[in-house]
Amino acid sequence: MSDIHNLSVIEPPVRLYFSGHEQTSPSHACGPGIWPHYLLHYVLSGTGTFQSEKQSWRLAAGDAFLIIPGVISAYAASSTDPWEYCWIGFDGRDAADILSACGLTAASPVYHSSSPASVDGKAAEGRISPVSGSTDAAPCGLSLCSVKGGEAQAAGDPVGECLLSINDMLYSQPGNTYLHLSLLYRFFSLLSPDAGNAEKNSSAYLQQALDYLQHNYAYVIKIQDVARYVGIDRTYLYKLFTRELGISPQQYLIRLRLSMAKRLLASTDLRITEISNSCGFADSASFCHHFQAHFSITPSQFRKEPGREPVP
């Protein structure tokens, strides 16, 4: 009989295990202890404390805290204003990278809303603050079930509304995995610093534009399409390309198409027209014109050229 610990399991990018929603009782506490997966709580109302490693935070509505697998953690609701929160348990091979992109790491496991005034009417000042000492909490288990309510507390709060939707759909449509994951990725997008059109640096804009071109060069696209996708003005996009790459976006697109066409000429038996169509050129005449202008040889001559090395 095989040892269960030696069985090979293919880990998905992200896997959602469960979700929940609860109005805690005064002084309700969990931990200290460790969990086998990521566990993220989002506070809808009330206050409490969260401890991870040797740091502690006071948290209120609009705040979230992340329990990291294997890290000793504890949390406790206030004795006078206990919190109401919703939570999700998840993991996956991409989970750590996604959370890091959202600003959640072992060194910084706490999130707070950028517009706290819209959540439960609480002001930003004093909502999150490190506290010393530890929480005197007993171990506990989460109730892995859907708890109704919370819509009023989450009204106008997209993060809270998204988590409540996850909790609702996970149990009302238990077999719809893609729906569950779509909501989970939406939740991550709301936590991301880019949410709300946050300002990016120029390298991020350029990389986004390059990614778009790499995946769309085969289609009929205009540079305005690239600028719209990135979310910047076409003139600014032009300045980014000329400053960082020394060529315009249009020149980059043509060179990218020619590079891909050259690969196809070297590694396939596709006809010139088929290669032209596959690389986004208007027609084979346009493809041949650009190819000869750039490489000083026609596509047919390149393919027949003796001793040429295959394109990597």
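The values are calculated or read from the model by the stated rules, or taken from the named source; none is laboratory data. Quick caveat: nothing in here was measured; it's all calculated off a predicted structure. Don't worry about glycine lacking a Cβ; one is built from the backbone with ideal geometry, like all the others, and counts go over all protein chains shown.
So, Arg93, is that one surrounded by fewer than 19 Cβ atoms within 10 Å (Cβ to Cβ), touching a Ser or Thr at 6+ places or on another chain (Cβ under 6 Å) and of a type in the set (Lys, Arg) or not? Spelling it out, it is not the case that Arg93 is surrounded by fewer than 19 Cβ atoms within 10 Å (Cβ to Cβ), touching a Ser or Thr at 6+ places or on another chain (Cβ under 6 Å) and of a type in the set (Lys, Arg).
Quick one: in region 9-59, of everything that is among the charged types (D, E, K, R) and assigned to a strand (DSSP E or B), which residue is surrounded by the most Cβ atoms within 10 Å (Cβ to Cβ)? It would help to see each step written out before you state the result.
Step one: filter region 9-59 for residues among the charged types (D, E, K, R), giving 11, 15, 22, 53-54, 58.
Add one more test, that the residue is assigned to a strand (DSSP E or B), and what stays is 15, 22, 58.
Values: Arg15: 17, Glu22: 21, Arg58: 16.
For region 9-59, the residue satisfying everything is Glu22.
Residue selection: Phe50 satisfies the criterion of being farther than 30 Å from Tyr178 by Cα, at pLDDT 90 or above and in contact with a Phe, Trp or Tyr (Cβ under 7 Å, 6 or more places away or on another chain). Cβ-Cβ contacts under 6 Å between residues 6 or more apart (or on different chains), taken from a first residue in region 170-189 that is assigned to a helix (DSSP H, G or I) to a second residue that is polar (S, T, N, Q) and at pLDDT below 90, are listed as Tyr171/Ser146. Surrounded by 13 or more Cβ atoms within 10 Å (Cβ to Cβ), within 30 Å of Ala101 (Cα to Cα), in contact (Cβ under 8 Å) with a residue 40 or more places away in the chain and not assigned by TED's automatic domain parsing to the domain that holds Gly103: does that describe Ile221? When the stated conditions are applied, Ile221 passes them. A single member of Asp233, Asp283 is loosely packed, with under 13 Cβ neighbours inside 10 Å, farther than 30 Å from Asn201 by Cβ and free of Cβ contacts under 8 Å to residues at least 40 places away in the same chain, and it is Asp283.
Considering only region 60-67, I want to know if a residue exists there that is under 23 Å from Leu184 (Cα atoms), surrounded by 23 or more Cβ atoms within 10 Å (Cβ to Cβ), touching a residue at least 12 places away in the same chain (Cβ under 8 Å) and of a type in the set (Val, Ile, Thr). Yes, that holds for at least one residue.
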